[in-house]
Amino acid sequence: MLPDFQFRKSTFSNDEAECVEVALNISDIVALRDSKVPDGPILRVSPAPWNAFREALVTGTFDR
């Protein structure tokens, strides 16, 4: 049985460019899915790698 993830859409999503939904409501799991395919696969990661990824995005680590 799947956990009852409560997904929220990225603030960068809109009607023309939907992207990622994230669920943070289950302890020790961060769940991600494609907002265009809500019944599709769900990527699950632990909070530490998710936080490191978010920090890298915010600080521009992936910018060229």
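Which residues, taken from region 8-64, are in a strand (DSSP E or B) and touching a residue at least 24 places away in the same chain (Cβ under 8 Å)? Scanning region 8-64 gives Lys9, Ala31, Arg33. Screening region 1-11 for residues that are over 13 Å from the mean Cα position of the chain (by Cα) and not aliphatic (A, V, I, L, M) and picking the one that is least open to solvent (accessible area, probe 1.4 Å) gives Pro3.
Note on region 28-42: residues that are exposed (fewer than 13 other Cβ atoms within 10 Å of the Cβ) and of a type outside the set (A, V, I, L, M, F, W, C) total 6. Filtering region 26-64 to residues that are within 16 Å of Ser10 (Cβ to Cβ) and either among the polar types (S, T, N, Q) or touching a Phe, Trp or Tyr at 6+ places or on another chain (Cβ under 6 Å) (or both) leaves Val30, Ala31, Ser35. Screening the candidates Asn14, Asn51, Asn25 for the property of being loosely packed, with under 12 Cβ neighbours inside 10 Å and either more than 9 Å from the chain's Cα centre (by Cα) or not basic (Lys, Arg) (or both) yields one hit, Asn14.
The values are calculated or read from the model by the stated rules, or taken from the named source; none is laboratory data. Keep in mind the model is a prediction, meaning the values are calculated, not measured. Every residue, glycine among them, receives a Cβ derived from its backbone with ideal geometry; neighbour counts consider all protein chains shown. Note: accessible area is taken over every heavy atom of the protein model, side chains too, but ligands, DNA and RNA are not part of it. Shrake-Rupley method; radii C 1.70, N 1.55, O 1.52, S 1.80 Å.
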